[in-house]
Amino acid sequence: MTSHTFKPDLPPPSTSVGALGWARANLFSSWYNTLLTLLGLYLVWLIVPPLVDWALLKADWSGSTRADCTREGACWVFIQTRFAQFMYGFYPAELRWRVDLAAILAIVGAAPLFLKAMPHKVRYGIGYLIAYPLLAYWLLHGGFLGLDTVPTTQWGGLMLTIVIAAVGIAGALPLGIVLALGRRSDMPAIRVICVTFIEFWRGVPLITVLFMSSVMLPLFLPEQMNLDKLLRAMLMVVFFEAAYVAEVVRGGLQAIPKGQYEAAAAMGLGYWRSMVLVILPQALKLVIPGLVNTFIALFKDTSLVIIIGLFDFLNSIKRATTDPAWLGMSTEGYVFAALVYWIFCFGMSRYSMHLERKLDTGHKR
Amino acid sequence: MRTTLDATPARRSLLSDPKARAWLFQIVAVVAVVAFGWYLFHNTQTNLAHRGITSGFGFLNNAAGFGISQHLIDYSESDSYGRVFWIGLLNTLLVSVIGIVLATILGFILGIARLSSNWLIRQLATVYIEIFRNIPPLLTIFFFYFAVLAPLPGPRNSISLWDAFFLNNRGLQMPAPSAGEGLWPFLVALAIAVAGVLLLYRWARARRHATGERFPVLWSSVALLILLPGLAVLVAGQPFSWQVPELQRFNIRGGWVIIPELVSIVMALSIYTAAFIGETVRAGIQSVSHGQTEAASSLGLRSGQTLRLVVVPQALRVIIPPLTSQYLNLAKNSSLAAAIGYPDMVSLFAGTVLNQTGQAIETMAITMSVYLAISISISLLMNWYNKRIALIER
């Protein structure tokens, strides 16, 4: 008896494997795809080489005055000499260590929260959220316990942007959650109040709200009471973003099946306990992408405080580009600003993706 | 073991009764809100009295006395604040409408490009979206205004195109049409052509439903739209006479001017919003199950037809609600124009008029209600459209 053996398989044609095969499948699969690829390549060729030339190869990197910018590319000297102003605004130079220390403490203090093996994480987190703002206020503003006062009119640069964004997030999240719960409440009066609040703030642009903070808020408050300009702006940012947070959280609350509410009630939990222990943990986890999107929007929106004359990061750059000694540096200035904003926003969106994957319990369809 | 069943329920305090508590909470909340409102009102009254400001909308009839760089309706400095309101409103609407149209076109192209089978196109669209949605729109506006348009040459050294279009740091100057002798015949012919196209479309659809035969609607419509007005022009003469801008000693006079503020804000807002619309469109198209595409290709539809006849109509239902909120965002973001001095609602009313009259409450109330009204109209319009295209389930 002869045993039949198959011949070994022929290798696939060389045009369908490897780099060539990939290119055929992904770039040149049909005549219009070929056309699109060529068009795309032309676009890349049009944008990328001049950009690299301008930003890197033909740029000036070292020097201290406008005269040092002799080459035809970008003049990064401008950014270098103004860097401190972009970061701190008019914060007194000899006191800038306080800002640095506040930033370092924020990072060091928050780091344990990202460790997996950290015990008592919740307790530590709550303690941190209470202690750090006080500490930061003491360091940045001062005025007691041996630190000199730095009035908020001297705050500026990236530091101010981050302060507004951080206060905005820290204030808008709890307020937004309360508003969302109020909007889903069984009590009609509470519901009406919350809906009115949310829809009003969502219907008007932030700029008009900031205008309102500078021209109308002083009218609303008693005469002797004079709120700080920055504080007024932050208050408005918190209210404005809280309305958006509330709508995102409401989406999460609506997505929780009714059985969860009923189960919590059946366990004998009251309203607040069932919300805090059962509903909100699930609802907030569902809406992480939406919340982070809101926070990214908030970070971008902080740039609008330029309207009421606060010197945030963007305004510091805008002001520096109008300096007679550095005229014609707008492109460099705004490209640098775009890069910084982009790093923050892109970082946040990547972190939210990571968090989403980490918290995914596999219940999603 | 002995158990006792207490027949009478334990005496409960009124506070532990859910209904009573609900009432209590609501009364407390309403009283707090009313008290807070009254407190604000009272403060405002005293503050206004101290500053000697009389409230009311009478100031709207006073002469404004300042110039406006762009007005779609006639305006002079002696006109009233009321007219300034209409100019601001029209300018805001102009930015919003142009922005929405451009952002929608660019956004749909981006969304489809992100799903392209072509790797390079997909990557280019992704890079665009990731760059522009992570940069504040105000920064993009500043970039166009201060870094791109401001360094353009002055009027004397304008970049000129066929000696009719001039691009300089005061904007884009272009020929302005004014009514010529053949305007009316031209307009009538155009109206007839449009009506003809609509009738043709309905007839062709009815015929296709009845017999399955196709009629080349697109080509015949184009022919109709070119032929009829063209004929009118040949018979009755030119519909428009063009007023071409002319270079004078210091400036360019005549024609229409698109001011650089308008260009920067429209470009920045459409580029920014298009990135978000692109993602919305991609998500919508991806939500249409792959089986639909396969079914369409097994029916023999080509990929363009599949997209147009099968995928997009189903995807639109998912796309419309988030698209609405993008439109709303764009309309609200048009207020960023105030930062570069484009004469929109905010910079005219909450800016100049407020500073001149000191009527803070009235001007802010007017400005905010305009945006509330715009927001509500857009969402009503889109809700109506959404209902129209919603899936009719059997």
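What nm distance separates the two modelled labels at B:Ser160 and A:Thr34, each placed 7 Å from Cα along Cα→Cβ?
4.5 nm
For n ≥ 4 DSSP H runs only, could you compute -39500 (n - 2.57) per run for the protein assembly as shown, divide by its residues and tell me the 222 nm figure to the nearest 500?
On the way: 26 runs with 461 residues, N = 759.
Computed ellipticity for the protein assembly as shown at 222 nm equals -20500 deg cm²/dmol.
Can you give the log10 of the normalised intensity I(q)/I(0) at q = 0.13, 0.14, 0.17, 0.20 Å⁻¹, computed with Debye over equal Cα scatterers of the stretch B:1-159?
-1.02, -1.06, -1.16, -1.28
When the Debye formula is applied to the Cα atoms of the protein assembly as shown, each taken as the same point scatterer, what base-10 log of I(q)/I(0) results at q = 0.07, 0.09 Å⁻¹?
-0.68, -1.10
Just counting partner chain Cβ atoms within 10 Å, what average do the residues of peptide A:210-222 show around their Cβ? Mind showing how you got there, number by number?
Numbers: counts 1, 13, 7, 0, 2, 8, 8, 2, 3, 12, 8, 5, 5.
Other-chain Cβ atoms within 10 Å of each residue's Cβ, averaged: 6.
How high is the relative contact order of the stretch B:176-243, given as a whole-number percent (alpha carbon pairs under 8 Å, six or more residues apart)?
Numbers: 69 pairs, mean separation 44.4, N = 68.
Relative contact order for the stretch B:176-243 comes out at 65 percent.
I'd like the distance separating the alpha-carbon centroids of the stretch A:109-128 and the stretch B:8-74, in whole Å.
The distance from the Cα centre of the stretch A:109-128 to that of the stretch B:8-74 comes to 41 Å.
Need one value: the accessible area of A:Leu280 in square angstrom, 1.4 angstrom probe, rounded to the nearest 10.
Looks like 20 Å² after rounding.
Which cysteines in the protein assembly as shown lack any other cysteine whose Cβ sits under 4.7 Å from their own Cβ?
A:Cys194, A:Cys345
If you take the beta carbon distance between A:Arg96 and B:Gln123 as r and set R0 to 45 Å, what does 1/(1 + (r/R0)^6) give as a FRET efficiency, to the nearest 0.05? It would help to have the intermediate numbers written out before the result.
Working: r = 42 Å, r/R0 = 0.92.
The formula returns an efficiency of 0.60 here.
I need the per residue convex hull volume for the stretch B:50-124, using only the alpha carbons, in cubic angstrom as a whole number.
Details: hull volume 12.5 nm³, N = 75.
About 167 Å³ per residue, rounded to a whole number.
Starting from the Cα of A:Ala255, step 7 Å toward the Cβ, then list every residue of the stretch A:180-204 with an amide N under 20 Å from that point.
A:180-185
Alpha carbon centre of the stretch A:252-267 versus the stretch A:293-355: separation in Å?
The distance from the Cα centre of the stretch A:252-267 to that of the stretch A:293-355 comes to 42 Å.
Between A:Tyr351 and B:Glu181, with labels modelled 7 Å along Cα→Cβ, what's the label distance in nm to one decimal, could you check?
Rounded to a tenth, the inter-label distance reads 7.3 nm.
When the label point is put 7 Å from the Cα of B:Glu130 along its Cα-to-beta-carbon vector, which residues of the stretch B:278-301 have a backbone N closer than 15 Å?
Inside the label zone: B:279.
Rounded to two decimals, what is the ratio between the C-alpha radius of gyration of the stretch B:176-243 and 2.2 N^0.38 Å?
On the way: Rg = 15.4 Å, N = 68, 2.2 N^0.38 = 10.9 Å.
Rounded to two decimals, the normalised Rg is 1.41.
What are the principal axis extents of the Cα atoms in chain B, in Å, biggest first?
Rounded to whole Å, the extents work out to 106, 73, 43 Å.
For a quick check of your reading of the filter: which chymotrypsin sites (Phe, Trp or Tyr not before Pro) in the stretch B:292-394 sit in a DSSP loop and have no more than 15 other Cβ atoms within 10 Å? Present the calculation step by step, with values, prior to reporting the outcome.
On the way: sites: B:Tyr327, B:Phe349, B:Tyr371, B:Trp384, B:Tyr385; in loops: none.
When the chymotrypsin sites (Phe, Trp or Tyr not before Pro) of the stretch B:292-394 are filtered for loop state and at most 15 Cβ neighbours within 10 Å, nothing remains.
Apply 1/(1 + (r/R0)^6) to the Cβ-Cβ distance of A:Asp68 and A:Ala25, taking R0 = 51 Å, and write down the FRET efficiency to the nearest 0.05. All intermediate terms of the calculation are to be shown ahead of the outcome.
Values: r = 51 Å, r/R0 = 0.99.
Here the calculated transfer efficiency is 0.50.
Output the relative contact order of chain B, whole-number percent, from Cα pairs under 8 angstrom with separation of 6+ residues.
Numbers: 433 pairs, mean separation 83.9, N = 394.
Here the relative contact order equals 21 percent.
Can you pull out the trypsin sites (Lys or Arg not before Pro) in the stretch A:113-162 that DSSP calls coil and that have at most 10 other Cβ atoms within 10 Å? Working shown, then result.
On the way: sites: A:Lys116, A:Lys121, A:Arg123; in loops: A:Lys116.
Hits after loop and neighbour filter: A:Lys116.
Give me the Debye-computed log₁₀ of I(q)/I(0) at q = 0.13, 0.21, 0.24, 0.29 Å⁻¹ for the stretch B:298-363, equal point scatterers on Cα only, no solvent, two decimals.
Here the Debye-derived log intensity ratios amount to -0.59, -0.87, -0.96, -1.10.
Lys and Arg at +1, Asp and Glu at -1: add these up for the other residues within a Cβ distance under 15 Å of B:Thr126 and post the number. Provide the component values of the computation, followed by the final result.
Numbers: positive: A:Arg350, B:Arg114, B:Arg122, B:Arg133, B:Arg282; negative: B:Glu130, B:Glu279.
Once positives and negatives cancel, what remains is +3.
If you project the alpha carbons of chain A onto their three principal axes, what span does each projection cover, largest first, in Å?
104, 76, 42
Could you tell me what percent of the accessible area of the stretch A:68-151 is made up of carbon and sulfur, with a 1.4 Å probe and every protein chain present?
Here it works out to 71 percent.
Please go through the residue pairs A:Lys121/A:Lys258; A:Lys258/B:Lys19; A:Lys285/B:Lys332 and name each one whose alpha carbons sit more than 23 Å apart in this structure. Can you show the working numbers first?
Details: A:Lys121/A:Lys258 30 Å; A:Lys258/B:Lys19 21 Å; A:Lys285/B:Lys332 29 Å.
From the list (A:Lys121/A:Lys258; A:Lys258/B:Lys19; A:Lys285/B:Lys332), the Cα-Cα distance tops 23 Å for A:Lys121/A:Lys258; A:Lys285/B:Lys332.
Suppose we look only past 16 Å in the calculated P(r) of the stretch A:275-365. What percent of the Cα-Cα pairs does that tail hold? Write down the numbers at each step before the final one.
On the way: 2699 of 4095 pairs.
Tail of P(r) above 16 Å: 66 percent of Cα pairs.
Counting other Cβ atoms within 10 Å, keep those with at most 15, restrict to DSSP loop, and tell me which chymotrypsin sites (Phe, Trp or Tyr not before Pro) in the stretch B:32-93 are left.
Details: sites: B:Phe36, B:Trp38, B:Tyr39, B:Phe41, B:Phe57, B:Phe59, B:Phe66, B:Tyr75, B:Tyr81, B:Phe85, B:Trp86; in loops: B:Phe57, B:Phe66, B:Tyr75.
Taking the stretch B:32-93 and a limit of 15 other Cβ atoms within 10 Å, the loop chymotrypsin sites (Phe, Trp or Tyr not before Pro) found are B:Phe57, B:Phe66.
Using 0.36 nm per residue, how much length does the chain from B:Trp86 to B:Leu24 gain when fully extended, once their Cα-Cα distance is taken away?
Values: separation 62, 0.36 × 62 = 22.32 nm, distance 4.71 nm.
So the extension gain works out to 17.6 nm.
Excluding the sites themselves, what is the longest stretch of chain A that contains no GluC sites (Glu not before Pro) in a DSSP loop with at most 12 other C-beta atoms within 10 Å? Spell out each step's value before the answer.
Values: sites that count: A:Glu72, A:Glu223.
Value returned for the longest uninterrupted segment is A:73-222.
Under 18 Å from a point 7 Å along the Cα-to-Cβ line of B:Ile53: which residues of the stretch A:220-247 have their amide N that close?
Label zone hits: A:220-229, A:232-233.
With each label point set 7 Å from Cα along the Cα-Cβ vector, what nm distance links B:Ser298 and A:Leu41?
3.8 nm
I'd like the FRET efficiency for B:Gln238 and B:Leu380, computed as 1/(1 + (r/R0)^6) with the beta carbon distance as r and R0 of 60 Å, rounded to 0.05. Spell out each step's value before the answer.
Values: r = 42 Å, r/R0 = 0.70.
The formula returns an efficiency of 0.90 here.
The values are calculated or read from the model by the stated rules, or taken from the named source; none is laboratory data. The structure displayed is predicted, hence computed values, not measured ones. For neighbour counting, all protein chains shown are included, and Cβ atoms are generated from backbone atoms with ideal geometry for every residue, glycine included. With ligands, DNA and RNA removed, areas are computed over all heavy atoms of the protein, side chains included. Shrake-Rupley method; radii C 1.70, N 1.55, O 1.52, S 1.80 Å.
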